[in-house]
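Visitor: Below is the structure I would like to discuss, written out as structure tokens.
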Amino acid sequence: MYHLFTHNDLDGVGCGIVAKLAFGDEVVVSYNSIGRLNQNVGAFLEQAKIEDTLIVTDLSVDEDNEKMITQFVEDGGKALLIDHHKSALHLNEHDWASVTVEQEDGKQTAATSLFYQYAVENKLLEPSGIVAEFVELVRQYDTWEWEVNKNTTAKRLNDLFFMIPIEEFEMKIANKLSTAESFTFDEVEQTLLNVEESRVDRYINRKKREVYQATVGPHTAGVVHAESYHSELGNELSKEFSHLDYIAILMVGSKRISFRTIHDDIDVSEVAGKYDGGGHQKAAGCTMSEKAYSQYVEKTFYAEPLKRDAHKNQLNVKGSPEGCLYSTRDKQDIFIYEDEEEEWIVEINGKQQKKTFDAFAEAEKYMKRKYAAWLAHDERYEEFVNKG
């Protein structure tokens, strides 16, 4: 009998679907949160039979389970761990583990794509066009490649996943993969997804008014309390407040933190690792420890949320060489403009700052981080210019 322990997100459930296509009734699938995996794997190993095969996907095991799996294999049992998080690379020292972060073409992997490849290569599953299409949708969503490729089908697949129970999603997708020629959403699914997208947009717009800025270690983070739509929310907040290194999404009730970034030079898996968490470069998570609670919850509790930049300006436009105006909560006027030497200057209440910048983006980033300022509306800009 095969026993699969996998994550309870889209990529983890994708592995479960692949397993059921490959093994049918010969597999028992267990979907796990990050915090519950080791407990469940440990409980299985304590009563596992030699004829059992243990498979772990999209999650890595702790040191105790690492030793128990090694012993299980030495005693004649079979085990396989397939993961794509770099925090699990150390497990590659074992024959029973295969952790691959990037494909040969340089693209990031997902557990579903790795497990599907393993199943096909080991003749456990016949290659299938529609299954490969589904697997690629999961990979693109999990790695956020879908946004670069504008592949909204991948995003909508994840939306559907969160809208219905895992068991129903699993059954729907397995049936679709077994009967259809290509991967599409039916009419009912399309209607549900359209309604959900409207709900997500409203939720994100509300949360854009609830972002707090905090300095944590070497980084400037955005902090928001939210229970839902973490991937979409983290991505949109990162774009809205691009001067922030990353977004920390707090769930005090479940004592979890999700980290998201859009910046190539920031690795949030390293941030999560400081709190015994892990993940990908642009998406990671951890348990909310006392240290994390202090740095993200307590530090921002009495702070004021960031104000959004004016969006519909025609006069006060970012990057204008003639200058653009920013406001602060203590009513300072911050003016950024380009001088004759093509350097960007920051003036605060008419006083030029000593520090200059080679690019507008650098000047704005510095100013927003230091003063939590926002782009003023056209009306305020006109008042400022006329007064000057």
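The values are calculated or read from the model by the stated rules, or taken from the named source; none is laboratory data. This structure is a prediction, so every number in the text was calculated from the model and none was measured. With ideal geometry, Cβ positions are generated from the backbone for all residues, glycine too; neighbour counts draw on all protein chains shown.
Visitor: Could you say which residue among Glu133, Glu102, Glu147, Glu121 is among the charged types (D, E, K, R), out of contact with any strand residue (DSSP E or B) (no Cβ under 9 Å at 6 or more places or on another chain) and without any contact (Cβ under 8 Å) to a residue 24 or more places away in the chain?
Guide: Glu121
Visitor: Which of the residues that make up region 174-196 are under 27 Å from the mean Cα position of the chain (by Cα) and either more than 12 Å from Phe134 (Cα to Cα) or in a loop (DSSP other than H, G, I, E, B) (or both)?
Guide: The answer is Phe183, Thr184, Phe185, Glu189, Gln190, Thr191, Leu192, Leu193, Asn194, Val195, Glu196.
Visitor: Mind checking which residues of region 337-388 are acidic (Asp, Glu) and touching a strand residue (DSSP E or B) at 6+ places or on another chain (Cβ under 9 Å)?
Guide: Selection gives Glu338, Asp339, Glu343, Glu347, Asp358, Glu362, Glu364.
Visitor: While we're looking at this one, here's another question. Looking only at residues in region 236-283 that are in a loop (DSSP other than H, G, I, E, B) and hydrophobic (A, V, I, L, M, F, W, C), which one is farthest from Arg202 (Cα to Cα)?
Guide: It comes out as Ile266.
Visitor: Looking for something outside the structural domain of Ser242 (by TED's automatic domain parsing), surrounded by fewer than 17 Cβ atoms within 10 Å (Cβ to Cβ) and not charged (D, E, K, R) - is there at least one such residue anywhere in region 357-373?
Guide: Yes, because at least one residue in region 357-373 is outside the structural domain of Ser242 (by TED's automatic domain parsing), surrounded by fewer than 17 Cβ atoms within 10 Å (Cβ to Cβ) and not charged (D, E, K, R).
Visitor: Same structure, new question: Yes or no: Leu59 touching a His at 6+ places or on another chain (Cβ under 7 Å), within 18 Å of Val99 (Cβ to Cβ) and not basic (Lys, Arg)?
Guide: Criteria met by Leu59.
Residues are listed down the side, and each one gets a yes or a no for (1) modelled with pLDDT of 95 or more; (2) under 21 Å from Asp11 (Cβ atoms):
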| residue | (1), (2) |
| --- | --- |
| Asp245 | yes, no |
| Val252 | no, no |
| Phe259 | yes, yes |
| Asp264 | no, no |
| Gly279 | no, yes |
| Ser294 | yes, no |
| Lys299 | no, no |
| Arg308 | yes, no |
| Thr328 | yes, no |
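Visitor: Inspect all residues belonging to region 58-78 and state whether any of them is surrounded by fewer than 16 Cβ atoms within 10 Å (Cβ to Cβ), assigned to a loop (DSSP other than H, G, I, E, B) and at positive phi.
Guide: Yes, region 58-78 contains a residue that is surrounded by fewer than 16 Cβ atoms within 10 Å (Cβ to Cβ), assigned to a loop (DSSP other than H, G, I, E, B) and at positive phi.
Visitor: For region 90-109, which positions are loosely packed, with under 15 Cβ neighbours inside 10 Å and either in a helix (DSSP H, G or I) or not assigned by TED's automatic domain parsing to the domain that holds Asp62 (or both)?
Guide: Hits for region 90-109 are His90, Asn92, Glu93.
Visitor: Follow-up question, since we're still on this one. Which of (1) in contact with a Ser or Thr (Cβ under 9 Å, 6 or more places away or on another chain); (2) among the aliphatic types (A, V, I, L, M); (3) surrounded by fewer than 16 Cβ atoms within 10 Å (Cβ to Cβ) is the odd one out, the single condition Ala19 does not satisfy?
Guide: Of (1) in contact with a Ser or Thr (Cβ under 9 Å, 6 or more places away or on another chain); (2) among the aliphatic types (A, V, I, L, M); (3) surrounded by fewer than 16 Cβ atoms within 10 Å (Cβ to Cβ), only one is false for Ala19: (3).
Visitor: Taking Glu322, is it touching a Phe, Trp or Tyr at 6+ places or on another chain (Cβ under 9 Å), surrounded by 15 or more Cβ atoms within 10 Å (Cβ to Cβ) and free of Cβ contacts under 8 Å to residues at least 24 places away in the same chain?
Guide: no
Visitor: Is there a residue in region 342-355 that is buried (at least 19 other Cβ atoms within 10 Å of the Cβ) and small (Gly, Ala, Ser)?
Guide: no
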